[in-house]
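Data block below; observations after.
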Amino acid sequence: MIILGIESSCDETAASVVKDCREIRSSVISTQIEEHRKYGGVVPEIASRRHCENILEVVKKALDDARITLNQLDGIAVTYAPGLIGALLVGVSFAKALAMAAEKPLIPVHHIAGHIASNYLTYSNLEPPYLCLVASGGHSHIIEVLSYTKFRVVGRTRDDAAGECFDKCARAMGFPYPGGIHIDNAAQNGDPRAIKLPRPAVAGNEFDFSFSGLKTAVINMLHNAEQKGISLNKNDLAAGIQWTIADILTDHTIRAAQSLGYEKIALAGGVSANSGVRTALQSACQKQGFECYMPEKNLCGDNGAMIACQGSYNLLAGITADESLNAVATLSMEDI
Ligand code: KG4
Ligand code: ZN
């Protein structure tokens with residue numbers, strides 16, 4: 001089975017060809033980060049325009065690199081939700097037209113299911129059921145992966161996503177967008193215990209997260225220091241932020257896995273590239289006796305291979321769409 005995957009939910013135009021669910025034959029990613037950097041975040045209108053300009057070339061290159069013709073494909077998978085609506089519409093419209101012209105099945109893929117599937121591309125032996133922590137720029141979820149295509153959300157952020165917290169703290173510290181990687185780099189030379197930061201508590205569901213209090217505390221700390229003419233050690237602050245986020249994510253995930261009786265824990269989403277989060281989850285899993293899975297670094301961010309992989313499992317489960325498929329900005333994984 002050979003599937004083409006197309007991703008355009010945010011600021012990456014990506015396409016990939018995946019064979020037999022887990023073998024990446026090609027992966028092309030055209031990123032717009034440089035262009036959005038000057039605005040300090042993704043500008044939706046610009047993102048849509050760039051997807052429009054780039055998508056044909058990106059898809060052509062993915063097919064060429066894989067030495068696959070349209071005729072040889074078994075299906076065309078596309079991210080249809082969630083994400084920036086104008087950005088998603090470019091990928092969805094393109095995939096619809098291509099599927100119709102080539103007379104191939106059109107396969108709708110939820111972006112977070114795609115992130116989770118990046119683990120299948122990294123581990124040939126990983127199979128559901130397992131618990132997955134998904135942390136990205138727009139999402140922080142603890143998800144029961146019941147099968148390749150069935151999911152249950154057991155914890156979610158009440159406010160900011162973990163990646164959003166990294167990026168907003170980084171921005172206040174003067175790092176360019178997206179700041180998560182800069183906090184990660186600075187944290188390598190800092191002491192995580194030098195600056196005390198709050199761990200916001202959440203009433204109600206014990207597995208839910210809250211990151212806006214941490215972000216506000218960091219911004220206030222930086223303003224106070226500036227007003228008093230004190231300079232905070234950036235490396236220590238970065239290490240403190242990283243350790244706090246990693247500790248909250250890990251602690252909630254381990255408790256959820258214990259309470260729900262899972263043996264395997266996986267990580268996914270852009271924040272899964274963070275060295276502090278990877279180390280914290282790995283060592284907690286080792287201590288508590290869980291098997292731990294995380295995508296290789298080049299599959300952590302948005303890419304087409306994860307969409308092609310999840311698309312393959314969707315097709316096997318009979319999940320396809322017709323020409324009425326539309327993009328959806330917000331959609332729970334439980335509603336797919
Ligand atoms: O999954 P992704 O590429 O896009 C969304 O679906 O949101 O995630 C992007 C997020 C950004 O917030 C980015 O700063 C964060 O992932 N990120 C990191 C690192 N690499 C990417 N955060 C912390 N440390 C990193 N090394
Ligand atoms: Zn993503």
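The values are calculated or read from the model by the stated rules, or taken from the named source; none is laboratory data. Because the structure is a prediction, the values reported are computed rather than measured. Cβ placement follows ideal geometry from the backbone for every residue including glycine, while neighbour counts extend to all protein chains displayed. Calculation scope for accessible area: heavy atoms of the full protein, side chains included, ligands and nucleic acids excluded. Shrake-Rupley method; radii C 1.70, N 1.55, O 1.52, S 1.80 Å.
So here's what we get for this one:
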| read-out | value |
| --- | --- |
| Pairs where the first residue, in the stretch 260-278, is near ligand 1 (Cβ under 7 Å from one of its atoms) and the second is of a type in the set (D, E) and at pLDDT 95 or above, C-beta under 8 Å, 6+ apart | G270/D302; A273/D184; N274/D184; S275/D184 |
| Whichever residue in the stretch 101-117 is within 20 Å of T69 (Cα to Cα) and touching a strand residue (DSSP E or B) at 6+ places or on another chain (Cβ under 8 Å) and, among such residues, is farthest from ligand 2 (Cβ to nearest atom) | A102 |
| V78 within 16 Å of ligand 2 (Cβ to nearest atom), touching a helix residue (DSSP H, G or I) at 6+ places or on another chain (Cβ under 9 Å) and either assigned to a helix (DSSP H, G or I) or closer than 29 Å to I46 by Cα (or both) | yes |
| Per-region count, the stretch 128-181, residues on the phi > 0 side of the Ramachandran plot and within 9 Å of ligand 1 (Cβ to nearest atom) | 0 |
| Pairs, first of a type in the set (F, W, Y) in the stretch 134-159, second open to solvent by 50 Å² or more (accessible area, probe 1.4 Å), C-beta under 9 Å, six or more apart | Y148/E127; Y148/L316; Y148/A317; F151/E334; F151/I336 |
| Candidate set from the stretch 257-272 (those that are of a type in the set (A, V, I, L, M, F, W, C) and buried (at least 21 other Cβ atoms within 10 Å of the Cβ)); member that is farthest from G180 (Cα to Cα) | A257 |
| Per-region count, the stretch 33-75, residues outside any helix (DSSP H, G or I), open to solvent by 40 Å² or more (accessible area, probe 1.4 Å) and away from ligand 1 (no atom under 16 Å from the Cβ) | 4 |
| Count - residues of the stretch 91-124 that are more than 16 Å from ligand 1 (Cβ to nearest atom), over 27 Å from A266 (Cα atoms) and assigned to a helix (DSSP H, G or I) | 11 |
| Among (1) buried (at least 20 other Cβ atoms within 10 Å of the Cβ); (2) among the aliphatic types (A, V, I, L, M); (3) assigned to a loop (DSSP other than H, G, I, E, B) - the single one A14 does not satisfy | (3) |
| Scope the stretch 321-336; condition in a loop (DSSP other than H, G, I, E, B) and either crowded, with 18+ Cβ neighbours inside 10 Å or among the hydrophobic types (A, V, I, L, M, F, W, C) (or both); matching residues | L325, A327, V328, A329, L331, I336 |
| Those residues of the stretch 118-133 which are out of contact with any strand residue (DSSP E or B) (no Cβ under 8 Å at 6 or more places or on another chain) and either in contact (Cβ under 8 Å) with a residue 24 or more places away in the chain or basic (K, R) (or both), in sequence order | Y120, S124 |
| Leading residue by the ranking (nearest to ligand 2 (Cβ to nearest atom)) among those in the stretch 278-289 that are open to solvent by less than 30 Å² (accessible area, probe 1.4 Å) and not small (G, A, S) | L281 |
| Complete set of residues in the stretch 224-240 that are closer than 16 Å to G179 by Cα and out of contact with any Lys or Arg (no Cβ under 9 Å at 6 or more places or on another chain) | K234, N235, L237, A238 |
| Residues of the stretch 90-117 that turn out to be within 19 Å of the chain's Cα centre (by Cα) and open to solvent by 20 Å² or more (accessible area, probe 1.4 Å), as a count | 0 |
| Those residues of the stretch 286-320 which are more than 15 Å from ligand 1 (Cβ to nearest atom) and part of a loop (DSSP other than H, G, I, E, B), in sequence order | G289, F290, A317, G318, I319, T320 |
